[in-house]
Amino acid sequence: MNPRRPTAAAPEASAAVSAVAPAWPPADPDVLTALERAYADGSWGRYHGPNSLKLSETLAEMFGVEHVALCCSGTFAVELALRGMKVGPGDEVILAGYDFPGNFRAIEAVGALPVLVDVDPENWNLGAASLPAACSKKTRAVLVSHLHGGLAPMREIVAFAAERGLAVVEDACQAPGAIVSGRPAGSWGDVGVLSFGGSKLLTAGRGGAILTRHADVRQRAKIFCEQGNHAFPLSELQAAVLLPQLAKLQARNLRRMAAVERLWQGLAGVAGLRPLVNRVEPAQPAFYKVGMQYCPEELGGQPRDAFIAAAQTAGLALDAGFRGFALRSPRRCRIADELLESRRAAVSSLLLHHPLLLQPDELIDRAAMAIAQAIRSLL
């Protein structure tokens, strides 16, 4: 069947373009106050100042860890976590076949080999069932992410890793403040990773952190970063603007979660879309992106790109997900199974950007209407 050209969005949907896709970060007087305070006390120009110290202490308390290392980005933080766990040349690291591209490259950056396993068909995050077949004598660690509002089953993954003597690096860059089986996402692994990139739930434009209970991991990370001085730092200004955001994170995450529930209620009965389903309890997801599974078989085979174009025309910040790693060269990785779900995720994932989720219910309802209209335009 030849794809149809998407029809124009209804006026009531397209009129909401600026409201449905609000800017991020939002105007925040508390952030402005933090910047002004850093200027007034001179901390903005220091290598090591009170804002970074306070941020590290706050994160340590929030995640229940003894050691926090701030750094320049979440992507680098993953590499730093691997180095802190002594992962290096000749080692293998298990990674989901659908994940953030930087995680694959971080494994390569330390000289290790990614070993790809499939994802859970319900939420397209790493599942524990796929781990046993991936292990070899060279396996050193598992790198697991919480993506698109999905939560990985950390209790089972950590238990498996403990039985095999493997390290666990838990990437919570998309999920600060999320709760997995009663504990903060990022606190389950030997090392947790956060990102403070410009579009993230906690944003400083750039930046990241590793979280760990292990003093030796923190020390190895420090030694790697010290190249005359800290070569990969988070600045005092960045730390200053993160502190007021941390104080608001829980309330904002609860609002986002309620908005996502309302959005899916508004999409009840709409063909072609399915939410990601978490299997962990108790759980509180954090929605940096609202992940959706696109089902072309319910829409006469209409391609994902046609739906994305129609949704964007209606003013929605909705895009395709990651490309995944199923097509990576065997020279760069070892593939432990067929990666059927990872392949499906790569061509069928949809991501709705989070700023919408802090808007009033009326705009959430209008977004659901716009999504439903985009689907109808394909039929």
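The values are calculated or read from the model by the stated rules, or taken from the named source; none is laboratory data. Quick caveat, the model's predicted, so the values are computed rather than measured. All Cβ positions, glycine included, derive from the backbone under ideal geometry; neighbour counts span all protein chains shown. These accessible areas exclude ligands, DNA and RNA; they are computed on the full protein's heavy atoms, side chains included. Shrake-Rupley method; radii C 1.70, N 1.55, O 1.52, S 1.80 Å.
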Q: Could you tell me which residue of the range 69-87 is nearest to residue 194 (Cα to Cα), considering only residues that are open to solvent by less than 20 Å² (accessible area, probe 1.4 Å) and touching a Leu at 6+ places or on another chain (Cβ under 8 Å)?
A: 74
Q) Considering the range 63-96 alone, what residues qualify as being closer than 21 Å to residue 183 by Cα and either without any contact (Cβ under 8 Å) to a residue 12 or more places away in the chain or out of contact with any Gly (no Cβ under 6 Å at 6 or more places or on another chain) (or both)? A) 64, 65, 66, 67, 68, 69, 78, 81
Q. If you check every pair at least six apart or on different chains, which have Cβ atoms under 6 Å apart with a residue in the range 100-124 that is of a type in the set (S, T, N, Q) first and a residue that is surrounded by fewer than 24 Cβ atoms within 10 Å (Cβ to Cβ) and assigned to a helix (DSSP H, G or I) second?
A. none
Q) Any residue at all in the range 358-377 that is farther than 18 Å from residue 291 by Cβ, hydroxyl-bearing (Ser, Thr, Tyr) and touching a Ser or Thr at 6+ places or on another chain (Cβ under 6 Å)? A) yes
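Do we find a residue being among the charged types (D, E, K, R), within 28 Å of residue 279 (Cα to Cα) and either more than 17 Å from the chain's Cα centre (by Cα) or not in a loop (DSSP other than H, G, I, E, B) (or both) anywhere in the range 94-105?
Step one: list which residues in the range 94-105 are among the charged types (D, E, K, R), which gives 99, 105.
Then keep just the ones that are within 28 Å of residue 279 (Cα to Cα); that gives 99.
Cutting the leftovers down to either more than 17 Å from the chain's Cα centre (by Cα) or not in a loop (DSSP other than H, G, I, E, B) (or both) gives us none.
No: the range 94-105 contains no residue that is among the charged types (D, E, K, R), within 28 Å of residue 279 (Cα to Cα) and either more than 17 Å from the chain's Cα centre (by Cα) or not in a loop (DSSP other than H, G, I, E, B) (or both).
I'd like to verify a number: residues in the range 165-186 that are touching a Pro at 6+ places or on another chain (Cβ under 9 Å) and within 18 Å of residue 85 (Cα to Cα), how many? Don't jump to the end; show me each part of the working.
Residues of the range 165-186 touching a Pro at 6+ places or on another chain (Cβ under 9 Å): 172, 175-182, 184-186.
If we keep only those that are within 18 Å of residue 85 (Cα to Cα) too, we end up with 172, 186.
The total comes to 2.
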Q | Among (1) under 20 Å from residue 323 (Cα atoms); (2) part of a strand (DSSP E or B) - the single one residue 140 does not satisfy | A | (1)
Q: Give the number of residues within the range 45-67 that are assigned to a loop (DSSP other than H, G, I, E, B), under 15 Å from residue 186 (Cβ atoms) and open to solvent by 50 Å² or more (accessible area, probe 1.4 Å).
A: 1
Q.
Out of everything in the range 325-355 that is free of Cβ contacts under 8 Å to residues at least 60 places away in the same chain and among the aliphatic types (A, V, I, L, M), what residue ends up being least open to solvent (accessible area, probe 1.4 Å)?
A. 347
**Q.** Hits in the range 292-334 - residues which are under 23 Å from the mean Cα position of the chain (by Cα) and among the aliphatic types (A, V, I, L, M)
**A.** 292, 308, 311, 316, 317, 318, 320, 326, 327
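Which ones in the range 143-168 are within 17 Å of the chain's Cα centre (by Cα), outside any loop (DSSP other than H, G, I, E, B) and either farther than 17 Å from residue 325 by Cα or aromatic (Phe, Trp, Tyr) (or both)?
Step one: filter the range 143-168 for residues within 17 Å of the chain's Cα centre (by Cα), giving 143-154, 168.
So of that shortlist, the ones also outside any loop (DSSP other than H, G, I, E, B) come out as 143-145, 154, 168.
Residues satisfying the conditions are 154, 168.
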Q | Matching residues, the range 356-379, being closer than 16 Å to residue 305 by Cβ, surrounded by fewer than 23 Cβ atoms within 10 Å (Cβ to Cβ) and among the β-branched types (Val, Ile, Thr) | A | 375
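Could you please give the count of residues in the range 218-241 that are hydrophobic (A, V, I, L, M, F, W, C) and closer than 14 Å to residue 36 by Cα?
Residues of the range 218-241 that are hydrophobic (A, V, I, L, M, F, W, C), as a first pass: 221, 223-225, 231-232, 234, 237, 239-241.
Filter again for closer than 14 Å to residue 36 by Cα, leaving 237, 239-241.
The qualifying residues number 4.
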Q.
Every residue in the range 206-237 that is open to solvent by less than 40 Å² (accessible area, probe 1.4 Å), within 22 Å of residue 49 (Cα to Cα) and out of contact with any Cys (no Cβ under 9 Å at 6 or more places or on another chain), please.
A. 211, 212, 236
Q: Return the residue satisfying two criteria in turn: it lies in the range 342-360 and is within 17 Å of the chain's Cα centre (by Cα) and among the polar types (S, T, N, Q), and of such residues it is farthest from residue 252 (Cα to Cα).
A: 342
Q) Looking at the range 94-127, which of the residues that are open to solvent by less than 10 Å² (accessible area, probe 1.4 Å) and touching a Pro at 6+ places or on another chain (Cβ under 6 Å) is farthest from residue 78 (Cα to Cα)? A) 95
Q | Total residues in the range 242-269, condition among the small types (Gly, Ala, Ser), part of a helix (DSSP H, G or I) and open to solvent by 40 Å² or more (accessible area, probe 1.4 Å) | A | 4
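In this structure, does residue 182 turn out to be open to solvent by 10 Å² or more (accessible area, probe 1.4 Å), farther than 19 Å from residue 152 by Cβ and not aliphatic (A, V, I, L, M)? Reasoning before the result, please.
On the way: open to solvent by 10 Å² or more (accessible area, probe 1.4 Å): yes; farther than 19 Å from residue 152 by Cβ: no; not aliphatic (A, V, I, L, M): yes.
When the stated conditions are applied, residue 182 does not pass them.
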